[in-house]
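A.B. asks: Take a look at the following structure, please.
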Amino acid sequence: MISTGAKKQIDAWIAKYPKDRQSSAVMQALKIVQAENGNRLNADTIQAVADYLNMPGIAAQEVATFYENYNHKKVGKYVIRFCHNISCMLNGADDLIAHLENKLGVKTDEVTSDGLISVKKVECLGACVGAPMFQINDDYFENLTIDKIDKIVDNLK
Amino acid sequence: MADIEMEIDGKVVSAKVGEMLIKVTDREGVSVPRFCYHKKLSVAASCRMCLVDVEGAPKPQPACSTPVAQGMKVHTQNDKAKASQKAVMEFLLINHPLDCPICDQGGECELQDVAVEYGSDVSHFSEGKRIVSDSDIGALIQTDMTRCIHCTRCVRFGLEIAGMMEMGGTGRGEHLKIEPFLREGIQSELSGNMIDVCPVGALTSKPFRYELRSWQMNSIPSIARHDLVGSNLFVQTYKGKVKRIASADNDWINETWISDRDRFSYEGLTHKNRLLKPQIKVQGQWKQVSWKVALDYAVKGLNSHVLKHKKANQLGGLVSSTATMEELYLLKKILTEVGCDNIDHRLNIKNLDNIITLDSNIKLDALEKIDYALIVGANIRLEQPMINHRLRKATKKGADIDVLNVMEFDFNYPLNAENITAPNKIASTLAGVLKSIMTNNVQELPNYLATIEVDEVANNIAVKLLNSSSSVIILGEHIINNEDASAIANLATIIAQSTNSKTLNLSITANTIAANLVGFVPQNSGMDVNTMLASEMRGFILLDIYPQHDFHHLETVVKAFTPDDTFVISLNSFKDDIITGYSDVILPIASVYETSGTQFNVNNDMQSYTAAVKAPDEVKPAWKILKVMADLLELPGFHYADSTQVLAEISHQPHTKHTHDGHINFTNKHNGIGVIWQNSPYSIDAVLRHSSTLQKTKIGQMNSACMNQASAEILGLSNNDKYLGVPVVITDTVADDCVFINTNHAINIQEQA
Ligand code: SF4
Ligand code: FES
Ligand code: FES
């Protein structure tokens, strides 16, 4: 379930923590395993991570469901994580999300039919200063407007 | 910790530095509302219900996580405290469905109680409430997760007490949900305690669902009867029926927990297999008759088959391990009075010249303070869950635990070394331990150790025992039929003596200790059970015995009981075809919670209980039946008005104390495959076997003959075969030359039902 390569990467993280605290590496481990499993996790992969780190499955599940960067459903090549927490909401995130959904013809948690883009609503990404904002894969885009969103999204290939 | 003085609501109280405020208020009887705090769990301080006003602190403080200090002044009732409590209450109720009228927790709900006290009539919240979907988490616990207030008591219970984190909080914010992983369901042998710790109606008893309101029931304190602990509990009854079991506090025995076995076994009481009326066999035909006719028939039968011929030496009395002390005593007294010395309770021991005599000299609460334990021959977690829990606590404080077993079992704590060895090597390993210890102590070695080799396993155990300041050696059930049983027990005693260790004998169960105390073993030159079964007997009185579960050699037993001129009086609480086959009279007896009696636990704590409910239909408590039988036999000295008078008489008797012969005799030459055969944890007695919900759990379903590949080849078996009627499971977790059988005949009972 976890490839040798992934195990190597996880081991590198485990090594950063005190002995017997390998479960501290759970976030990285989930990320690594997610990356090699079609960018998503399921009960089996989560259990595999838990077993590898010698922690209860439910404890890994807690982490995997708490953070928004773990995907439990099929996602597109680009995952737009749109913040809808308080600062972004006050700055109009809800309307922008509606616009984005219309534009792509998908609802939150769905993937465009070409498999390119999926949208998720997420909690504060710590970039309130640039609210409203979203994250596409590893990059942040701030001070969003309808125009800006159109341009960014049109450039995704 | 030094004592300090502080003030609570104007009253000066003393406390210990660093103690949490809520402990002080609880001790002083000041009520502070709480949800996440539980006295036996870690402090989460997440619900904020316990906010109180501490002078000098700008904001209200949570009592459960505020350490007290000298001179602290606390107000639990002033405006500031009340306002905070009220606000928190309102928040907690935002998403709560307020469905008390259809909630099983109604009437015994902490949320309900606190809401009555601190809640307002109207909420500011008028938006939609969230709904949480439920999944089936197993046969024992019903969930209604929309009611959950996320106190995480159940999560912490799993992590801290059960030793397996089963519940967790998934999702976040509004999507936070308490649930187990993978829908595998809850599997812990202590899981039912989550029902008790859940302050709301999110986790309730599944078998009890929609049955009754808590205020409709009587709660009668009683004692659990299925293990060596005698957990304290409440039997909750309604109109003469046991409806539910809840745990009772007793820090010396079960703290505040009970095992699932003790919590859910009551269901067996109402199984349709209960025997409800006395019956007699006349010319091969069974007839239901009145008590008078049945008892007359029984006494007449005894007279004509046995007593008239002065053949009391061909009469035998056998009892099950669940009999109460009073029952044991009365049956023994009757038999002694008629001149019969053939009594025994050790039904499942193959060789009664080779038995375990081992003291239990460590208190249950002291178990959690040990620094080293050696467990020999026990699946302790499932066989004695509450004792295992104490050991788990010890490991959390750093104790090391070594195991010497024939198979790997699931432990809920890390082991220092799990040594898996064939049954016929256990004695020599222990001898190795002793040799190593004696060599270390520069003691002269006795002859029997001369040729013993000290291997690494033995040496490691010896070093541990020598270096530990409070250790215990525990012997479990798997040893009882070991060919070296008595040697193993004696070795354990000597090892313990030479290392200042304690010993704990878990090789027996239920009320066997009481049976030993009243001396329900062959008297004078009386026959033991195996001799009785091999002799021509004219009569038996059998107390709650079910041969296909209680003996290892069913055929011999049936053969001994069946002959026409053997008159068999069976006192039982459940129907059983085999019993009907050989008995002449069947007398229906009260089962657990239906009779008063006395139980002894492994610490020799004597615990008496009253009957919580009347036995159903015409069923009577066995002690009464025995008393009347004695009267009909015109025996003197049976004038008891109730069972406490029996108990009073017992306490004036000298107790039988077993003695160690200290004799060690083992040959270390046994060959062949050792079979360890035992009832699985939820089928050790008749009530349990009829508890339908327990039987649905994973533990209840245990029914396997485990062996490794090599043993399977020797026996010519493969995975789909049966061995002694039990499905074969080939696994490399079993030692060489060993078959470990955990069988559950109850599966058959369920199938028939
Ligand atoms: S289910 Fe009960 S015990 Fe568990 S978190 Fe919810 S309210 Fe607390
Ligand atoms: S609320 Fe959107 S980034 Fe903080
Ligand atoms: S009881 Fe103190 S915060 Fe929950």
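The values are calculated or read from the model by the stated rules, or taken from the named source; none is laboratory data. Computed from a predicted structure; not experimentally measured. As a convention, Cβ positions derive from the backbone with ideal geometry for all residues, glycine included, and neighbour counts pool all protein chains shown.
A.B. asks: Does residue A:117 satisfy the condition of being under 30 Å from residue B:166 (Cα atoms) and either among the hydrophobic types (A, V, I, L, M, F, W, C) or more than 16 Å from ligand 3 (Cβ to nearest atom) (or both)?
C.D. replies: Numbers: under 30 Å from residue B:166 (Cα atoms): no; either among the hydrophobic types (A, V, I, L, M, F, W, C) or more than 16 Å from ligand 3 (Cβ to nearest atom) (or both): yes.
So residue A:117 does not fit the description; no.
A.B. asks: Within the stretch B:608-628, work out how many residues are within 11 Å of residue B:593 (Cβ to Cβ) and not in a loop (DSSP other than H, G, I, E, B).
C.D. replies: Count: 1.
A.B. asks: Could you grab me the full set of residues in the stretch B:62-75 that are over 41 Å from the mean Cα position of the chain (by Cα) and either closer than 30 Å to residue B:248 by Cα or of a type outside the set (Val, Ile, Thr) (or both)? Working first, answer last.
C.D. replies: The first filter runs over the stretch B:62-75 and keeps only residues over 41 Å from the mean Cα position of the chain (by Cα), leaving B:69-75.
Hits for the stretch B:62-75 are B:69, B:70, B:71, B:72, B:73, B:75.
A.B. asks: Just to be sure, is residue B:105 farther than 27 Å from residue A:66 by Cα and either at pLDDT 95 or above or not in a strand (DSSP E or B) (or both)? Spell out the reasoning first.
C.D. replies: Working: farther than 27 Å from residue A:66 by Cα: yes; either at pLDDT 95 or above or not in a strand (DSSP E or B) (or both): yes.
Yes: the conditions hold for residue B:105.
A.B. asks: Got at least one residue in the stretch B:424-432 being more than 18 Å from residue B:489 (Cβ to Cβ) and either free of Cβ contacts under 8 Å to residues at least 60 places away in the same chain or out of contact with any Ser or Thr (no Cβ under 8 Å at 6 or more places or on another chain) (or both)? Give the derivation first.
C.D. replies: Step one: filter the stretch B:424-432 for residues more than 18 Å from residue B:489 (Cβ to Cβ), giving none.
Looking through the stretch B:424-432, none of the residues is more than 18 Å from residue B:489 (Cβ to Cβ) and either free of Cβ contacts under 8 Å to residues at least 60 places away in the same chain or out of contact with any Ser or Thr (no Cβ under 8 Å at 6 or more places or on another chain) (or both).
A.B. asks: I'd like to know if the stretch A:96-108 contains one or more residues that are under 24 Å from residue A:140 (Cβ atoms), within 16 Å of ligand 2 (Cβ to nearest atom) and without any contact (Cβ under 8 Å) to a residue 40 or more places away in the chain.
C.D. replies: Just the residues of the stretch A:96-108 that are under 24 Å from residue A:140 (Cβ atoms), to begin with: A:96-104, A:106-108.
Cutting the leftovers down to within 16 Å of ligand 2 (Cβ to nearest atom) gives us A:96-97, A:100, A:108.
Cutting the leftovers down to without any contact (Cβ under 8 Å) to a residue 40 or more places away in the chain gives us A:97, A:108.
Within the stretch A:96-108 (the criterion being under 24 Å from residue A:140 (Cβ atoms), within 16 Å of ligand 2 (Cβ to nearest atom) and without any contact (Cβ under 8 Å) to a residue 40 or more places away in the chain), the answer is yes, since at least one residue qualifies.
A.B. asks: Now for a different question. Take residue B:469 and decide whether it is buried (at least 17 other Cβ atoms within 10 Å of the Cβ) and among the hydroxyl-bearing types (Ser, Thr, Tyr).
C.D. replies: Details: buried (at least 17 other Cβ atoms within 10 Å of the Cβ): no; among the hydroxyl-bearing types (Ser, Thr, Tyr): yes.
For residue B:469, the condition - buried (at least 17 other Cβ atoms within 10 Å of the Cβ) and among the hydroxyl-bearing types (Ser, Thr, Tyr) - is not met.
A.B. asks: Would a scan of the stretch B:167-186 turn up a residue that is within 9 Å of ligand 1 (Cβ to nearest atom), touching a Lys or Arg at 6+ places or on another chain (Cβ under 8 Å) and touching a residue at least 12 places away in the same chain (Cβ under 8 Å)?
C.D. replies: yes
A.B. asks: With the requirement that a residue be within 13 Å of another protein chain (Cβ to nearest Cβ), in a helix (DSSP H, G or I) and more than 16 Å from ligand 3 (Cβ to nearest atom), what does the stretch B:124-159 give you?
C.D. replies: Matches in the stretch B:124-159: B:158, B:159.
A.B. asks: Check the stretch B:42-57 and report whether any residue there is of a type in the set (Val, Ile, Thr) and modelled with pLDDT under 95. Spell out how you get there, then give the answer.
C.D. replies: From the stretch B:42-57, those of a type in the set (Val, Ile, Thr) are B:43, B:52, B:54; that's our starting set.
Narrowing the set further to residues that are modelled with pLDDT under 95 leaves none.
The answer is no; no qualifying residue exists.
A.B. asks: Residues to consider are B:420, B:437, B:401, B:461; find the one that is touching a residue at least 60 places away in the same chain (Cβ under 8 Å) and buried (at least 23 other Cβ atoms within 10 Å of the Cβ).
C.D. replies: Within the list B:420, B:437, B:401, B:461, the selection yields B:461.
A.B. asks: Still on this structure, please answer the following. Quick check on my filter: what residues within the stretch B:6-41 are near ligand 3 (Cβ under 10 Å from one of its atoms) and not in a loop (DSSP other than H, G, I, E, B)? Full working, then the answer.
C.D. replies: As a first pass, look at the stretch B:6-41 and keep what is near ligand 3 (Cβ under 10 Å from one of its atoms): B:20-22, B:32-38.
Those that are near ligand 3 (Cβ under 10 Å from one of its atoms) and not in a loop (DSSP other than H, G, I, E, B): B:20, B:21, B:22.
A.B. asks: Scanning for something under 23 Å from residue B:269 (Cβ atoms), surrounded by 22 or more Cβ atoms within 10 Å (Cβ to Cβ), among the β-branched types (Val, Ile, Thr) and not assigned by TED's automatic domain parsing to the domain that holds residue B:575, does the stretch B:672-685 turn up at least one residue?
C.D. replies: Among the residues of the stretch B:672-685, at least one is under 23 Å from residue B:269 (Cβ atoms), surrounded by 22 or more Cβ atoms within 10 Å (Cβ to Cβ), among the β-branched types (Val, Ile, Thr) and not assigned by TED's automatic domain parsing to the domain that holds residue B:575, which makes the answer yes.
A.B. asks: Got a sec? Which of B:133, B:120 is under 19 Å from residue B:200 (Cβ atoms) and within 15 Å of ligand 1 (Cβ to nearest atom)? Even if it seems obvious, please write down each step before you answer.
C.D. replies: Details: B:120 fails: within 15 Å of ligand 1 (Cβ to nearest atom).
Going through B:133, B:120 in turn, just one is under 19 Å from residue B:200 (Cβ atoms) and within 15 Å of ligand 1 (Cβ to nearest atom): B:133.
A.B. asks: If a residue has to be within 13 Å of another protein chain (Cβ to nearest Cβ) and among the β-branched types (Val, Ile, Thr) to count, how many in the stretch B:160-180 make the cut? Spell out how you get there, then give the answer.
C.D. replies: Of the residues in the stretch B:160-180, the ones within 13 Å of another protein chain (Cβ to nearest Cβ) are B:160, B:162-180.
Checking the rest, the ones that are also among the β-branched types (Val, Ile, Thr) come to B:170, B:178.
Residues that pass the stated criteria total 2.
A.B. asks: Among the listed residues B:469, B:486, identify the single one that is under 23 Å from residue B:394 (Cα atoms) and of a type in the set (Gly, Ala, Ser). Steps first, please.
C.D. replies: Details: B:486 fails: under 23 Å from residue B:394 (Cα atoms).
On inspection, the qualifying residue turns out to be B:469.
A.B. asks: Further question on the same structure: So, of the residues in the stretch B:32-51 that are over 15 Å from residue B:112 (Cα atoms) and either within 16 Å of ligand 2 (Cβ to nearest atom) or of a type in the set (D, E, K, R) (or both), which turns out to be farthest from the chain's Cα centre (by Cα)?
C.D. replies: B:48
A.B. asks: Report yes if some residue within the stretch B:42-52 is among the basic types (Lys, Arg), within 11 Å of ligand 3 (Cβ to nearest atom) and part of a loop (DSSP other than H, G, I, E, B); otherwise report no.
C.D. replies: So in the stretch B:42-52, the residues among the basic types (Lys, Arg) come out as B:48.
Okay, now just the ones that are also within 11 Å of ligand 3 (Cβ to nearest atom), so B:48.
In the following step, the residues that additionally are part of a loop (DSSP other than H, G, I, E, B) were identified as B:48.
Yes, the stretch B:42-52 contains at least one residue that is among the basic types (Lys, Arg), within 11 Å of ligand 3 (Cβ to nearest atom) and part of a loop (DSSP other than H, G, I, E, B).
A.B. asks: Residues that are more than 14 Å from chain B (Cβ to nearest Cβ): find the helices (runs of 4 or more DSSP H) completely inside the stretch A:47-145 holding 2 or more of those.
C.D. replies: Numbers: elements: A:57-66, A:86-90, A:93-104.
Qualifying helices (runs of 4 or more DSSP H): A:86-90, A:93-104.
A.B. asks: Right, here's the next one. Which of (1) assigned to a loop (DSSP other than H, G, I, E, B); (2) surrounded by fewer than 22 Cβ atoms within 10 Å (Cβ to Cβ) does residue B:548 not meet, given it meets every other one?
C.D. replies: Here residue B:548 clears every test but (1).
A.B. asks: Can you say whether residue B:512 is at pLDDT below 95, in contact with a Ser or Thr (Cβ under 6 Å, 6 or more places away or on another chain) and not aliphatic (A, V, I, L, M), as far as the supplied structure shows? First the steps, then the outcome.
C.D. replies: Numbers: at pLDDT below 95: yes; in contact with a Ser or Thr (Cβ under 6 Å, 6 or more places away or on another chain): yes; not aliphatic (A, V, I, L, M): yes.
For residue B:512, the condition - at pLDDT below 95, in contact with a Ser or Thr (Cβ under 6 Å, 6 or more places away or on another chain) and not aliphatic (A, V, I, L, M) - is met.
A.B. asks: So is residue B:108 within 13 Å of chain A (Cβ to nearest Cβ), within 30 Å of residue B:682 (Cβ to Cβ) and among the charged types (D, E, K, R) or not? Give the steps one after another, and end with the answer.
C.D. replies: Values: within 13 Å of chain A (Cβ to nearest Cβ): no; within 30 Å of residue B:682 (Cβ to Cβ): yes; among the charged types (D, E, K, R): yes.
In short, no.
A.B. asks: In the stretch B:184-211, which residue that is assigned to a loop (DSSP other than H, G, I, E, B) and of a type in the set (D, E, K, R) is surrounded by the most Cβ atoms within 10 Å (Cβ to Cβ)?
C.D. replies: Step one: filter the stretch B:184-211 for residues assigned to a loop (DSSP other than H, G, I, E, B), giving B:184-192, B:198-202, B:206-211.
Filter once more, so that each one left must be of a type in the set (D, E, K, R): B:184, B:189, B:206, B:209, B:211.
Values: B:184: 15, B:189: 25, B:206: 20, B:209: 10, B:211: 15.
Top of the filtered list is B:189.
A.B. asks: Considering only residues that are of a type in the set (Val, Ile, Thr) and either more than 20 Å from residue B:483 (Cβ to Cβ) or exposed (fewer than 15 other Cβ atoms within 10 Å of the Cβ) (or both), which ones fall in the stretch B:440-455? Please lay out each step first, then the result.
C.D. replies: We begin by selecting, within the stretch B:440-455, every residue of a type in the set (Val, Ile, Thr); these are B:442, B:451-452, B:454.
Scanning the stretch B:440-455 gives B:442, B:451, B:454.
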